[in-house]
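Readers should treat all values here as calculations from the given coordinates under stated rules, not as data from a laboratory. The structure displayed is predicted, hence computed values, not measured ones. FYI the Cβ positions are ideal-geometry reconstructions off the backbone, even for glycines, and counts take in every protein chain you see.
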Amino acid sequence: MRQRRLIAGATAFGLMAGAGALMLPAAQAADPDEPAVILSEDFEDGDPGPLVQNGAVTLSVVEDGGDKALFVTGRANDYDGIKTPANLLQAGGTYTFSAQLKLASAPGTTASARFVVEPAYSWVGNTTVSADAWTTVSGTFTAPAGADPATLRAYLGTSDLGAPYDYLVDDVVITGTAASADGGTWQPTPDPAFVPGGAGNPTSTPVAAARGTGNAVALTFDDGPNPGETDAVLDLLRDSGITATFCIIGQNVQAEGGADLLRRIVAEGHTLCNHGTSYADMGSWTQGQVETDLKENLRIIRAAVGDPAQPVPYFRAPNGSWGATGEVAAALGMQPLGLGNVIFDWDGNDLGEETLTANLRAAFTPGAVVLAHDGGGDRSNTVDAVATVVAEKLAEGWTFTLPQGGAAAATAGITSGFETGTDGWTARGDGVSVSTSTDARTGTGSLLVTGRTQPWHGAALDVTAGLPVGVAVEVSVWARLAPGQQPASLKVSVQRDNGGGSAYDGVAGAGASVTADGWTELKGTYTLGAAADTAQVYVEGPVGVDFLLDDFSLAPFAETPIQAEVPALKDVLGSQGIEHVGVAIDARETVGTAADLLRKHYNAFTPENAGKPESVQPVEGQFTFTQLDQLLDFADANGVEVYGHVLAWHSQTPAWFFRDGDRDLTNSPADQALLKTRMEAHIKGIADHIDARYPDGDSPIWAWDVVNEVIADGDTANPHDMRDSRWFQVLGEGFVDEAFRLADRYFPDAELFINDYNTEMPGKRADYLDLIGALQARSVPIDGVGHQAHVDVARPVQWLEDSIEAVEALDPTLLQAITELDVNASTENQGADVSGVPADPYSPAFRNDADAAAEVGYYYRDLFAMLTDHADSVESVTFWGISNARTWLRTWPMARPWEQPLPFDDDLQVTPAYWGIVDPSRLPARPADVLPPRIADSPDVTAVSNGASGAKVTYAPPSAIDTLDGAVPLDCAPASGSRFRIGTTTVTCTATDEAGNTRTSSFDVVVIRKAPGKP
């Protein structure tokens, strides 16, 4: 081995263990104040050991001067190389990094090298290294106290050179000291997937006092859930209008009826407490034994509830026997909850109702935690005593609260009136200015936002304190454009920052067209679906628009429970042969009432954004699965299947896919090889992660959109009118083949779909079918065809049926899926890409929202009557959004508040669209027909004339269909059979339905004169 330059203490641990790797947790140091070696790698055993690849590089162990070293080749970025594994570095720890490094470049070459610690990208030990000799790169770093070990990782970084270069590295050593000063604080087993209980700043000391002042108590129940008694307790709490804390035993959840009771406890707003998996006394257990039991009980509770992040903010030790349990519970995010005032309602005591009632009256002291039992035996007398005393105390004016600590306090409202300043609002984006203005809606001040040069530029406010996970809030702000501005759509969004990454959500419903003439309210609801380090609310809109804001508020919002009595969509459609009934979601739909709706009505979901390339691999070689894993956790907990979306797409794909350094990839063989390599790395990276999560092959992912939107809407010079995407420009049509072959290799058990929008349009249908036929002719492993079905109320259902039947005729074994269904109520569906239009191309098709909702319901009636007729081939239907409040149509490309495209309304209640699917007899009266017929696209007609007078041309007129009247005749002029002059003549066709609504369409007849002497 090369002579190491080790820091003090390094030789005291494990280096004598011989060549190879050593990796220990820092907490194993004999003296916590002395550094311990937590990683040592000299590569003498021929592999990188615990170090992992960072970026698209090749790692190989080579001989160098009689010793072995790691050779890092194929570097294109300053971060390409090696990286420490997750969970090696711990929050608050102090670490010294050291490595020997030599450039594999021409003699005399130098560069700077350093360790870089994520997620803050902190430089450690920046040192000049060369190609002439080995150089030690070393430095010391202290991790932040709140850092996440899963993302606290270090890599070897270098300065940028003019061209890619390689290096050799050897003798990587990391030493560290424990994070705690006294070395005595127990830490749970590192597990990045573990979700803590949810207590705010828990302590190891049990609390035994209630929140509030005066005659307030915290009522708690132990040892449930227990059929009979727990039902009765819940009934009396509901009827009394109060809530309590339930300490849950896992084995009782798993017993018959236990899970249903637990779900009722949560649904009715009560707080959960971890009481262990059984009745076992934990007083003599080790920390590790306690940790295992408490985590298992959390798993049982969360699996039964169907929420992998369900808060369980308290822990109560069985029998009040604490031992190490308080320390462990606090470390796992649960506040230990003392026994408080007990009523002695367990075996060995007088359990008569009169005695228990007297005991309970005595237990009611101001500020007390009161303990009764709903499980562990016959507790009927306890229930009767609770009913008596609760009624008495309510009549006396007592209040019922939570124990201190543990559960988060009710979300505090946040308001801004801009009377004395900007109230914490800041500029979002370079060049943006925020300042106070006297042009106010109320009071004397407002916020003026100017200098916006990007759509996301605007004004932002930190609202972290007002957004606990799973709590619905209502957001409202009044907006007005600056004088002289033309009307524009503004919307409210949320930025979530976590572990160095950011994600963005719209506030459902908070978008509107705003003018300079008056104030408009932007109002909607939002639920934070996963923990965030920080969260900001911001207002955004079109480039160049200056606007004023006033009277902002964010406050808790009481969600309406879902309608439990209505039939589940998955049951209704399943009985008609459609196997998968899904919905597009993100983390917001894994908590709260939205999650309840999902569990009731759907047996599948599509990750709306979490599986897209920019979400999964934003930086080459750096995969991020946090968002996707949360959705998979929800699927696992609820027995729901997942339709993966999407492996290869032209949109929401990072630019680095199609670049080599500072240049765009071309269709050269070398660039094609590079892009294919990247495609494979991306697909394989996802598959490797899924396989690691599900080593037994039981992944909930049943299908993938392999490619998405590869056909253009209009004519192109490409085969099948392929979209001229960067994928196509570099690889041609073959990129589709490559994606399917790779998906088949790495996801052999999943159904593989091609997916596109407007597939019901006759022109695009032909291109789509041609491409699918060509893929099959090349033996590409395609299993299914996806129809997005972003349609509008006037688009004929017959057109989609024609497309489904065309696929059936092409190959009846192909599965078909409706992948992104919604039905808009605008005058014309412009599609998703309207970025080039100067003004909003949409307007409402109906005079009021009730008429629009009714007509959408009738459209769903006709659509699902057709789809169920084709249930033998239509495997899946996915609705693009959990509710009308969450539809993309409300804000794209501009505010469209009239849209009601889905089966559930803004409050998660059923809509006419739902009844159109489930029971059309419950639809409201159909509104007056205001929708004109639709005319299919017609290709131009070419004819040849033998003389100068033109030619008589017979053409087949296009078809026209009306949603109420069916096929509608066309009046075309000039008529078929007319004589057309030499040159181009436009034929205009008019369709008129029975209500007098008309639509026109045109095509050209081109007459060419035959040259003399030509046949």
Tell me the Rg and the Dmax, in Å, that the Cα atoms of region 530-583 produce. 20.8, 54
Can you give the charge dipole size of the chain about its Cα centre, rounded to the nearest 20 debye, using +1 on the beta carbon of Lys and Arg and -1 on the beta carbon of Asp and Glu? 2400 debye
Spelling out what I want: for every residue of region 296-308, take phi, set θ = phi - 60°, compute 6.51 cos²θ - 1.76 cosθ + 1.60 (Karplus), and round to whole Hz; glycine and proline get x. 5, 5, 4, 4, 4, 4, 5, 5, 5, 6, x, 10, x
How big is the gap, in Å, between the Cα center of region 843-883 and the Cα center of region 522-578? 21 Å
Semi-axes of the equivalent ellipsoid for region 38-81, please: Cα gyration tensor eigenvalues, times 5, square-rooted, ordered largest first, whole Å. 19, 13, 8
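May I ask for the Kirkwood hydrodynamic radius of region 307-371, worked out over all distinct Cα pairs and given in angstroms to one decimal?
Over region 307-371, the inverse of the mean reciprocal pair distance is 13.8 Å.
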Residue 978 long-range amide H proximity, modeled H, under 5 Å: 953
At a 10 Å Cβ-Cβ cut-off, how would you order 430, 170, 235, fewest neighbours first? 430, 235, 170
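Mind putting a number on the dipole of region 861-900 about its Cα centre? Charges go on the C-beta only, +1 for Lys and Arg and -1 for Asp and Glu, and I need it in Debye to the nearest 20.
Working: 4 positive and 5 negative charges, 82 e Å.
In total the dipole reaches around 400 debye.
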May I have the convex hull volume per residue, in Å³, for the Cα set of region 176-315? 137 Å³
Using helices alone, I'd like the mean residue ellipticity at 222 nm for the chain: each DSSP H run of four-plus residues gives -39500 (n - 2.57), total over residue count, nearest 500. -6500 deg cm²/dmol
Cα-based convex hull volume of the chain per residue, rounded to whole Å³: 221 Å³
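Taking the alpha carbon gyration tensor of region 216-400, what are the square roots of 5 times its eigenvalues, largest first, to the nearest whole Å?
26, 18, 15
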Using alpha carbon coordinates only, what is the Rg to Rh ratio of region 418-556, with Rh defined as the Kirkwood radius? 0.95
3J(HN,Hα) from dihedral phi, region 884-898, Karplus parametrisation 6.51/-1.76/1.60, rounded to Hz, x for glycine, proline: 4, 5, 9, 6, 5, 5, 5, 10, 10, x, 9, 4, 9, x, 7
Distance in nm between label sites at residue 45 and residue 346, each 7 Å beyond Cα in the beta-carbon direction? 4.9 nm
Within straight cross-link reach of residue 600, meaning Cα distance under 15 Å, which aspartates and glutamates are found once same-chain residues fewer than 8 apart are removed? 260, 307, 565, 571, 589, 641
Using 0.36 nm times the number of residues separating residue 433 and residue 279, minus their current alpha carbon distance, what extension gain do you get? 49.3 nm
Considering amide H positions built from the backbone, and no H for Pro or chain starts, which residues 5 or more places from residue 514, or on another chain, come under 5 Å of its amide H? 488, 489, 490
Which order do peptides 701-709, 115-123, 894-902 fall in by mean Cβ count within 10 Å, highest first? 701-709, 894-902, 115-123
For region 907-956, what are the per-bin percents of Cα-Cα distances with bins 5 Å wide, up to the bin holding the maximum? 4, 12, 12, 10, 10, 8, 6, 7, 7, 6, 7, 5, 4, 1
So how far apart, in nm, are the two label points at residue 286 and residue 667 if each is 7 Å from Cα heading toward Cβ? 6.5 nm
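When the convex hull of the C-alpha atoms of region 858-1015 is computed, what volume per residue in Å³ does it have?
183 Å³
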Enumerate the calculated ³J(HN,Hα) couplings along region 195-206 in order (Karplus 6.51 cos²θ - 1.76 cosθ + 1.60, θ = phi - 60°), each rounded to whole Hz, writing x wherever the residue is Gly or Pro. 9, x, x, x, 6, x, 6, x, 10, 6, 7, x
Find which of 288, 388, 355 sits farthest along the positive direction of the dipole of region 216-400, computed with +1 on the beta-carbon of Lys and Arg, -1 on that of Asp and Glu, about the Cα centre. 288
Projected-area average for region 623-727 over all orientations - Cα convex hull basis, square nanometres: 8.6 nm²
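Want the number for residue 73 to residue 805: 0.36 nm per residue separation, take away the alpha-carbon distance, what's left?
258.3 nm
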Put +1 on the Cβ of every Lys and Arg and -1 on every Asp and Glu Cβ in region 418-556; which of 518, 431, 504 then has its Cα farthest towards the positive end of the dipole? 504
Separation between Cα centres of region 911-986 and region 201-239, rounded to whole Å: 68 Å
Rg to Rh for region 934-1009: what is it, with Cα atoms only and Rh by Kirkwood? 1.07
If you average 1/r over every pair of different alpha-carbon atoms in region 577-653 and take one over that average, what Kirkwood value in Å do you get? 13.0 Å
Taking R0 as 51 Å, what's the FRET efficiency between residue 354 and residue 813 from their Cβ-Cβ distance, rounded to 0.05? 0.10
What is the antiparallel percent of DSSP beta bridges lying wholly in the chain, to the nearest 5? 65 percent
Over 20 Å between alpha carbons, listed pairs 102/684; 952/1010; 295/684: 102/684; 295/684
